[in-house]
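Structure first, then comments.
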Amino acid sequence: MADLAPQLRRSAHADFQADGVLAAARTLRRNPRQAAAEVVDDLPEDGLVATAVVAGPGFVNIELTDRALLAQLARRLGDDRLGVGTPEAGVTTVIDYSQPNIAKEMHVGHLRSTVIGDALVRVLEHLGGTVVRRNHIGDWGTQFGMLIQYQAEHPEPVPGDTGTMGRLATLYRLARAQFDTDSAFADRARRRVVALQAGEPNTVAAWRDIVAESTRYFTEVYDRLGVRLTDADTVGESAYNAALPAVADELERRKVAVTSDGALCVFFDDLRGPDGEPTPLIVRKRDGGFGYAATDLAALRQRVVELHADRLLYVVDARQARHFRMVFDTARRAGWLPPTVPAVHVAFGTVLGPDGRPFKTRAGDTVRLVDLLTEAVDRAREVVAAKNPGLTGAALDERAWQVGIGAVKYADLTTNRTRDYVYDPERMLALAGNTGVYLQYAHARVRSILARADGDITVDLTAPLEPAERALILDLDAFADTLVEVVAGYEPHRLCGYLYRLAQTFTTFYEHCPVLRATGPRRGNRLALCRLTGETLRTGLHLLGIPTPDHL
């Protein structure tokens with residue numbers, strides 16, 4: 001029976017169920033129940049398995065001994081990594097996320113890319129992988145000629161200047177309005193683009209000032225969100241300008257791209273527009289300029305060739321699915337993306353308002369990310385102050401940030417990333433239900449129990465286990481597998497679901513198994529369960545980028 005490889009899964013009928021015997025039996029042309037019986041007979045008598053029985057058409061239900069479960073508890077408790085291995089060791093992942101535009105304020109649409117990307121970075125690194133973060137910002141193109149030219153012609157202070165990003169946002173709106181209505185100004189702006197591309201010193205200096213001002217703003221937002229992106233991770237479209245002609249020439253030389261109506265295009269047999277005409281990826285425009293398709297191809301090639309990426313992830317809105325499919329296909333046809341290097345569009349849905357439509361302000365404008373975060377922290381301050389009237393000043397501000405930002409992130413991450421979700425600040429700040437606040441409270445409660453305990457925490461392998469203790473040990477044991485599942489599908493919501501289930505299982509354990517009032521070996525074992533639960537909750541929330549205050 002050595003050829004049989006049953007897959008073990010948690011089961012409502014036993015600790016684990018081996019459900020791979022059925023498939024193996026079909027392959028071997030064997031009776032499934034007989035094959036399952038042979039698996040049971042071949043199990044070693046090593047004190048790990050209490051019972052193993054054949055069930056249904058060929059399942060094997062397995063119950064572990066109390067000693068085996070307690071030994072696993074002790075091993076995880078004595079391991080700084082809580083039993084989590086490093087399956088990503090030796091794998092380099094380049095992950096592209098957030099992607100704001102220079103001279104534009106970040107809005108609610110940037111939230112999902114930023115927090116999903118940050119969570120994936122944290123999990124990949126925790127599993128031993130090397131992660132290269134890339135914040136691919138829009139810092140090139142016609143809009144900069146427009147901005148710089150308007151600034152040169154209107155050196156006076158911008159009306160309503162707020163001193164930071166608000167100035168650039170207002171400047172952009174004014175410049176865009178004149179660009180759209182004044183053809184002479186539009187011509188001057190286009191000439192300014194040419195000057196920028198040619199490296200004219202005054203134009204380049206003005207461009208650098210705009211980029212620097214925007215970058216300072218982005219850093220403030222990332223710090224407020226508690227994500228790991230830094231200035232060093234920012235690589236704008238401008239960084240690839242020198243490579244674009246060579247990208248176009250190589251695609252043309254390899255006959256991947258052809259000239260069509262004056263533009264250099266890549267065509268795909270199965271991609272057509274509503275009119276039935278082929279939909280091309282335009283590498284070089286009719287006027288000789290390059291769009292973001294060429295920039296994305298240059299960035300992809302650089303990430304594989306120079307950064308030696310083993311995996312490419314792009315955390316970008318689902319509406320860009322066709323674009324990335326064309327870019328990846330083009331890169332593979334050009335030989336820049338080897339079959340051994342997966343390129344994945346980690347698509348995500350939209351944040352919706354209460355009306356079920358994309359989240360907007362009452363005036364119909366896109367919600368600024370800073371405003372959304374400010375509202376969440378302000379609401380969290382009210383929740384925290386009501387629960388802890390004695391908490392004031394800086395301590396209250398810090399706790400409000402921890403709870404408010406944690407609530408925003410968890411509400412986003414707990415949703416399957418491919419789905420839309422409704423932004424509901426009241427629900428996401430609830431102390432009950434599947435919320436970040438509930439998990440923070442669960443972690444704080446564990447810390448409170450441990451703070452009131454005294455003496456060493458040791459595991460006694462001879463003490464019998466209550467059902468609630470067994471259930472908690474088995475849930476704690478699933479942490480490592482859950483992190484592997486997160487990476488397999490690039491789905492942070494799986495970690496959210498696991499942590500919520502763990503918190504619920506701990507609540508059941510605490511209700512049925514007194515901890516501080518317990519005596520003898522059981523007290524030590526239950527304190528060990530509390531400590532491992534607290535560490536698992538803390539680590540899991542950290543991997544989601546969510547703070548874990550010891551008090552709530």
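The values are calculated or read from the model by the stated rules, or taken from the named source; none is laboratory data. Source: prediction; values computed, not measured. A quick note on method: Cβ atoms are made from the backbone with ideal geometry, for glycine too, and the neighbour counts reach across all protein chains shown. Accessible surface is based on the protein model in full, side chains and every heavy atom, while ligands, DNA and RNA are left aside. Shrake-Rupley method; radii C 1.70, N 1.55, O 1.52, S 1.80 Å.
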* Has segment 508-521 got any residue that is crowded, with 22+ Cβ neighbours inside 10 Å and under 23 Å from Arg445 (Cα atoms)? -> yes
* Asked: Name the pairs: first residue in segment 313-333 and farther than 10 Å from His345 by Cα, second residue modelled with pLDDT of 95 or more and among the acidic types (Asp, Glu), Cβ to Cβ under 7 Å, at least 6 apart or on different chains?
  -> Val327/Asp296
* Only one of these conditions is not met by Arg134: (1) more than 30 Å from Val304 (Cβ to Cβ); (2) surrounded by 18 or more Cβ atoms within 10 Å (Cβ to Cβ). Which number is it? -> (1)
* Kindly establish whether Leu372 is crowded, with 16+ Cβ neighbours inside 10 Å and closer than 23 Å to Arg224 by Cα. => yes
* Structure fact -> Subset of segment 135-157, residues out of contact with any helix residue (DSSP H, G or I) (no Cβ under 6 Å at 6 or more places or on another chain), polar (S, T, N, Q) and not in a helix (DSSP H, G or I), comes to none
* Asked: Given the structure, is Glu105 open to solvent by 20 Å² or more (accessible area, probe 1.4 Å) and within 28 Å of Glu466 (Cα to Cα)?
  -> no
* Breaking point among (1) open to solvent by less than 70 Å² (accessible area, probe 1.4 Å); (2) modelled with pLDDT of 90 or more, for Val367 -> (2)
* Structure fact -> With criteria (1) in contact with a helix residue (DSSP H, G or I) (Cβ under 9 Å, 6 or more places away or on another chain); (2) open to solvent by 10 Å² or more (accessible area, probe 1.4 Å), Leu127 comes up short on (2)
* Structure fact -> Reported set for segment 302-316 where residues are open to solvent by less than 50 Å² (accessible area, probe 1.4 Å) and more than 19 Å from Val487 (Cα to Cα) is Gln302, Arg303, Val304, Leu307
* Among residues of segment 503-552, those that are of a type in the set (S, T, N, Q), at pLDDT 95 or above and under 20 Å from Ile457 (Cβ atoms), counted -> 6
* If you check Val247, Val221, which single one turns out to be hydrophobic (A, V, I, L, M, F, W, C), closer than 20 Å to Asp118 by Cβ and surrounded by 15 or more Cβ atoms within 10 Å (Cβ to Cβ)? -> Val221
* Asked: Got at least one residue in segment 36-56 being surrounded by fewer than 14 Cβ atoms within 10 Å (Cβ to Cβ) and under 30 Å from Gly534 (Cα atoms)?
  -> yes
* Within segment 107-120, is even one residue of a type in the set (Val, Ile, Thr), assigned to a strand (DSSP E or B), over 21 Å from Val211 (Cα atoms) and touching a residue at least 60 places away in the same chain (Cβ under 8 Å)? -> no
* **Pair list, Cβ under 9 Å, 6 or more apart: segment 228-257 residue in contact (Cβ under 8 Å) with a residue 60 or more places away in the chain, other residue assigned to a helix (DSSP H, G or I) and open to solvent by 70 Å² or more (accessible area, probe 1.4 Å)** => Glu237/Tyr292; Asn241/Gln197; Leu251/Arg333; Arg254/Arg333; Val256/Arg333
* **Number of positions in segment 335-364 that are within 30 Å of Ala488 (Cα to Cα), open to solvent by less than 70 Å² (accessible area, probe 1.4 Å) and hydroxyl-bearing (Ser, Thr, Tyr)** => 1
* Structure fact -> In the set Leu82, Leu73, the lone residue that is assigned to a helix (DSSP H, G or I), surrounded by 17 or more Cβ atoms within 10 Å (Cβ to Cβ) and in contact (Cβ under 8 Å) with a residue 40 or more places away in the chain is Leu73
* Structure fact -> Note on Leu111: of the conditions (1) over 25 Å from Glu485 (Cβ atoms); (2) surrounded by 18 or more Cβ atoms within 10 Å (Cβ to Cβ); (3) of a type outside the set (Asp, Glu), unmet is (1)
* Asked: Between a first residue in segment 131-147 that is in contact (Cβ under 8 Å) with a residue 60 or more places away in the chain and a second residue that is assigned to a helix (DSSP H, G or I) and of a type in the set (Ser, Thr, Tyr), which pairs have beta carbons less than 7 Å apart while being 6 or more apart in sequence or on different chains?
  -> Asp139/Ser238; Trp140/Ser238; Leu147/Tyr172
* Structure fact -> When (1) at pLDDT below 95; (2) acidic (Asp, Glu); (3) touching a helix residue (DSSP H, G or I) at 6+ places or on another chain (Cβ under 9 Å) are applied to Asp355, the one that fails is (3)
* Structure fact -> In segment 334-346, residues that are hydrophobic (A, V, I, L, M, F, W, C), touching a residue at least 40 places away in the same chain (Cβ under 8 Å) and either touching a His at 6+ places or on another chain (Cβ under 7 Å) or over 16 Å from Val91 (Cα atoms) (or both) total 2
* part of a helix (DSSP H, G or I), buried (at least 19 other Cβ atoms within 10 Å of the Cβ) and of a type in the set (Gly, Ala, Ser), is that true of Gly497? -> no
* Inside segment 184-237, can you point out the residues that are in contact with a strand residue (DSSP E or B) (Cβ under 9 Å, 6 or more places away or on another chain), part of a loop (DSSP other than H, G, I, E, B) and over 29 Å from Ala407 (Cβ atoms)? -> Val235, Gly236
* To do: Could you please find all residues in segment 475-492 being of a type in the set (Val, Ile, Thr) and open to solvent by 40 Å² or more (accessible area, probe 1.4 Å)?
  => Val484
* Structure fact -> Selection over segment 166-205 where residues are β-branched (Val, Ile, Thr) and modelled with pLDDT of 90 or more yields a count of 3
* Asked: Can you name the residue in segment 271-286 that is of a type in the set (D, E, K, R) and either touching a residue at least 24 places away in the same chain (Cβ under 8 Å) or surrounded by 16 or more Cβ atoms within 10 Å (Cβ to Cβ) (or both) and is also nearest to Ala331 (Cα to Cα) among such residues?
  -> Arg284
* To do: List the number of the failed condition for Leu472; all other conditions in (1) open to solvent by 50 Å² or more (accessible area, probe 1.4 Å); (2) over 15 Å from Val84 (Cα atoms) hold.
  => (1)
* **Sole residue being over 26 Å from Thr366 (Cβ atoms), in a loop (DSSP other than H, G, I, E, B) and at pLDDT 95 or above, chosen from Leu264, Leu337, Leu297** => Leu337
